[in-house]
Amino acid sequence: MKKTFNNIQVSGKTVLVRVDFNVPLKDGVITDDNRVRAALPTINYLTEKGAKVVLLSHLSRIKEEADKAKKSLAPVAKKLEELLGKTIKFVPQTRGVELESAIKSLNAGEILLIENTRFEDIQNGEVVKYESKNDSQLGKYWASLGNIFVNDAFGTAHRAHASNVGIASNIAESCLGFLVEKELEMLSKGIDKPEHPFVAIIGGAKVSDKIGVIDNLLEKADKIIIGGGMAYTFFKAQNHSIGKSLCEEDKVSLAKEYLDKANGKIILPIDSACNTDFKDSNPTITGIDLPDDLMGLDIGPKSIELFKSILKDAKTVAWNGPMGVFEFEHYNKGTLAVCEAIANLKNSFTLIGGGDSAAAAIQLGFKDKFTHISTGGGASLEYMEGKKLPGVEAIQNK
Ligand code: AMP
């Protein structure tokens, strides 16, 4: 078990906290501040306990020097001031004497935010990836700025970067923050210790992105519902005609292998909402076999009813990936119906593994109707694959 705030004394200490402030920005304005809000419990706890708080986060990707102007964390510092009602010291650097002396002069309960950690990926116009490739000098340097490291950035927990694994490996004490602790608790309940029947719903464009999840969940779930573009590779494996639908030819035999191994556990759609091209206009509903000129862009109404009937008795549901091209108004019905069906389950543990499905649920106003909506798409996907998350593994054990 990893250390948490229960196992660490933070009062008077300089605490480096890796948070996830990777917010969407439009013309320098934050369009969704959920990630900033999600970090508040940890920040508030630390300031109340009298720690000197130093926050680190990445913001988007930095591929060239010119990206830096648009991807500064300065707007996040402002947002944080607004949410907390107190001053945040923003240091527009990721290293150097100005940063070091600003940290030294922090008083108990004060908060400092350093500039976007991914600025370290470009030095003097050259791609060096010191942050994203976990450069050992950088991890050591950042670790030298504090006494304790707290990882509260779930969204990057599946990456070994200097600002998580690098710092954690070079500092005397480390623990998980509240957000990461809660994510792990929920994912563990849903995926590792599910109450049965456990139904997983997997969708999205590609089989190749979700193979690991199917593989891991075949052992744990009672039923795996597969929708979205990836379903057509499975149909192909059953020798159905799939028209112009998405298909990963090199994954057809693997899909067949899974279908054989699953022994009826894998549930596929029984009809499709199709169009002649990849466009948002009135659908044609077909059965499992599609004519040559159509492509499946969503599950059809009979599949919706079938999936609902399977979900009805589930005690645990884990959902990752849309049932169709939900960005198209005419092809979002499957995703919406599944989302609503899960949201309306009573007395079940319901989990969304981030990404598009989480966005859909929040957009529909179902945010509070799920037991847990993960804040980290990639990280929760890797957890669902049964992989260890390096950002968590690097934290000290109790
Ligand atoms: P993923 O990132 O793997 O969860 O995939 C999400 C994407 O899959 C979304 O952008 C959907 O538009 C796309 N998608 C879902 N179903 C289909 C489909 N039947 N055909 C093409 N794209 C699809």
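Read the figures in this text as sums done on the coordinates, not as results from a lab. As the structure is a computational prediction, the values presented were derived from the model and not from experiment. With ideal geometry, Cβ positions are generated from the backbone for all residues, glycine too; neighbour counts draw on all protein chains shown.
Points worth noting:
- Couplings for the stretch 218-223, taken from phi via the Karplus curve 6.51 cos²θ - 1.76 cosθ + 1.60 with θ = phi - 60°, read 4, 7, 9, 8, 8, 9 Hz in order; Gly and Pro are left as x.
- Euclidean distance of C-alpha centroids, the stretch 299-336 and the stretch 107-163, integer Å: 39 Å
- The stretch 20-106, relative contact order [Cα under 8 Å, separation at least 6], %: 26 percent
- Distances between placed amide hydrogens fall under 5 Å for LEU73 paired with ASN116, all partners being 5 or more residues away or on another chain.
- Our coupling estimate for the stretch 25-37, obtained by passing each phi through the Karplus curve with A = 6.51, B = -1.76, C = 1.60 and θ = phi - 60°, is 10, 10, 6, x, 10, 6, 8, 8, 9, 4, 5, 5, 4 Hz, Gly and Pro reported as x.
- Annotation: the residues HIS372, HIS58, sorted from fewest to most other C-beta atoms within 10 Å of their own C-beta, follow the order HIS372, HIS58.
- Cα-Cα over 24 Å, subset of LYS3/LYS387; LYS79/LYS387; LYS26/LYS79: LYS79/LYS387
- With both residues required to sit in the stretch 184-384, DSSP beta bridges show an antiparallel share near 30%.
- Among beta bridges that DSSP assigns inside the chain, antiparallel share in %, nearest 5: 25 percent
- Modelled spin-label separation between ASP215 and ALA102, with each label point placed 7 Å from Cα along the Cα-to-Cβ direction: 4.4 nm.
- Modelled this way, with points 7 Å down the Cα-to-C-beta line, the labels at LYS315 and LYS387 are 3.1 nm from one another.
- Subset of LYS312/LYS369; LYS189/LYS302; LYS223/LYS244; LYS265/LYS312; LYS193/LYS265 violating a 23 Å alpha-carbon distance limit: LYS189/LYS302; LYS223/LYS244
- Pairs of alpha carbons in the stretch 184-384 whose separation is greater than 29 Å (percent): 16 percent
- Listed peptides 267-273, 8-14 appear in the order 267-273, 8-14 once ranked by packing, highest mean of other Cβ atoms within 10 Å at the front.
- In this rough spin-label picture, where each label sits 7 Å from Cα along the Cβ direction, the GLU257-LEU40 distance is 4.8 nm.
- Reduced Cα scattering model of the chain, Debye log10 I(q)/I(0), q = 0.08 Å⁻¹: -0.48
- Sites ASN347 and ALA172, calculated FRET efficiency, Cβ-Cβ separation with R0 41 Å, nearest 0.05: 0.35
- DSSP bridge pairs, the stretch 235-304: antiparallel proportion in percent, nearest 5: 90 percent
- Among the listed pairs LYS133/LYS220; LYS2/LYS89; LYS71/LYS388; LYS279/LYS333, a Cα-Cα separation exceeding 24 Å is found for LYS133/LYS220; LYS2/LYS89; LYS71/LYS388.
- Cα-Cα pairs of the stretch 1-62 separated by more than 14 Å (percent): 63 percent
- Cα gyration tensor category, rounded, prolate or oblate, for the stretch 11-139 with a/c compared to 1.5: oblate
- Each principal axis of the Cα cloud of the stretch 318-363 was taken in turn, and the coordinate range along them, longest first, works out to 32, 18, 16 Å.
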